[in-house]
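The values are calculated or read from the model by the stated rules, or taken from the named source; none is laboratory data. The structure displayed is predicted, hence computed values, not measured ones. Quick reminder, even Gly has a Cβ in these numbers, built from the backbone with ideal geometry, and neighbours come from all protein chains shown. Keep in mind that these areas ignore ligands, DNA and RNA; they rest on the heavy atoms of the full protein, side chains included. Shrake-Rupley method; radii C 1.70, N 1.55, O 1.52, S 1.80 Å.
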Amino acid sequence: MSPALFEPLKEALIEAAGEKGLDLGPIRAGDLAKLTGDLQQFMEDEFGVTAKQQGKEWLMTRIPARLFRDYSPKGPLFTILFAAYSQKALLQWRSFNFEAKGGIKREENVALFLALQRALQDEEGEGEEEGEGGGKWGPPVVVFDASVPQRVRDGLRKAVEKHGGVVLEEEGEKEVEGGRKGGRKGG
């Protein structure tokens, strides 16, 4: 990732911090690029397929990679970075540390990702696909085709709900809790 891609984000973060009265400390485009990579690597290590293979419990659904590639000043990456720096200021961290693989620091980093997830779900989205509702990213919404056997549906329903998703009983259902509308076919 080229630090030049992060210049507009840096300016937007500094402006947003000033509006909210937050002291985010010095921010450089290169630091934002490194933080973005570190966030993605920690997420893969802690919430990805290899984490499950290592016996770690999945605590949340990974934030989609496409959200880390939107460098627009008010896009999802802005929301992710602003929430990360806000959490850092709130917890009075001197720096981000994703190297700690256990203990209190790991718990704090997991809490950071839960805060990032909430920020993406709560914030008003710009340029969203029609039918996605409020926020820049939300929990999965699944509708099973009638051909999917009930025993398979039951197992998949548990997985969807574990990741904070919603299973609609009929494809015609439009409104779901949290403001998401519509749904994706599953199964």
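Against the list (1) open to solvent by less than 20 Å² (accessible area, probe 1.4 Å); (2) at pLDDT 80 or above; (3) more than 15 Å from the chain's Cα centre (by Cα), the condition F42 fails is (3). Of the listed requirements (1) in contact (Cβ under 8 Å) with a residue 12 or more places away in the chain; (2) within 21 Å of P140 (Cβ to Cβ), T36 misses just one: (2). For the stretch 22-34, how many residues are in contact with a Phe, Trp or Tyr (Cβ under 6 Å, 6 or more places away or on another chain) and either in a helix (DSSP H, G or I) or farther than 16 Å from L77 by Cβ (or both)? The qualifying residues number 3. For the residues E44, E19, the requirement of being without any contact (Cβ under 8 Å) to a residue 12 or more places away in the chain, assigned to a helix (DSSP H, G or I), more than 19 Å from Q121 (Cα to Cα) and not polar (S, T, N, Q) singles out E19.
So is G55 open to solvent by 60 Å² or more (accessible area, probe 1.4 Å) and at pLDDT 90 or above or not? It would help to see each step written out before you state the result.
On the way: open to solvent by 60 Å² or more (accessible area, probe 1.4 Å): yes; at pLDDT 90 or above: no.
It is false that G55 is open to solvent by 60 Å² or more (accessible area, probe 1.4 Å) and at pLDDT 90 or above.
What do you reckon, is V110 outside any loop (DSSP other than H, G, I, E, B), at pLDDT 75 or above, in contact with a Gly (Cβ under 6 Å, 6 or more places away or on another chain) and surrounded by 14 or more Cβ atoms within 10 Å (Cβ to Cβ)? Steps first, please.
Working: outside any loop (DSSP other than H, G, I, E, B): yes; at pLDDT 75 or above: yes; in contact with a Gly (Cβ under 6 Å, 6 or more places away or on another chain): no; surrounded by 14 or more Cβ atoms within 10 Å (Cβ to Cβ): yes.
No.
Of the residues that make up the stretch 115-134, is at least one at pLDDT below 75, touching a Leu at 6+ places or on another chain (Cβ under 7 Å) and within 21 Å of M60 (Cα to Cα)? So far as the stretch 115-134 goes, no, none of its residues is at pLDDT below 75, touching a Leu at 6+ places or on another chain (Cβ under 7 Å) and within 21 Å of M60 (Cα to Cα). Look at the stretch 137-158: where a residue is on the phi < 0 side of the Ramachandran plot and a partner is open to solvent by less than 50 Å² (accessible area, probe 1.4 Å) and charged (D, E, K, R), sitting 6+ places away or on another chain with Cβ atoms under 6 Å, you get G138/R180; V141/R180; F144/R153.
Scanning the stretch 16-32 for residues that are farther than 18 Å from L91 by Cβ and within 22 Å of the chain's Cα centre (by Cα) yields A16, A29, G30, L32.
Here S86, S95, S2 are screened, and the one residue that is among the polar types (S, T, N, Q) and free of Cβ contacts under 8 Å to residues at least 12 places away in the same chain is S95. Among the residues of the stretch 137-187, write down those that are surrounded by 11 or more Cβ atoms within 10 Å (Cβ to Cβ), at pLDDT 80 or above and among the hydrophobic types (A, V, I, L, M, F, W, C). Answer for the stretch 137-187, where residues must be surrounded by 11 or more Cβ atoms within 10 Å (Cβ to Cβ), at pLDDT 80 or above and among the hydrophobic types (A, V, I, L, M, F, W, C): V141, V142, V143, F144, V148, V152, L156, A159, V160, V166, V167, L168.
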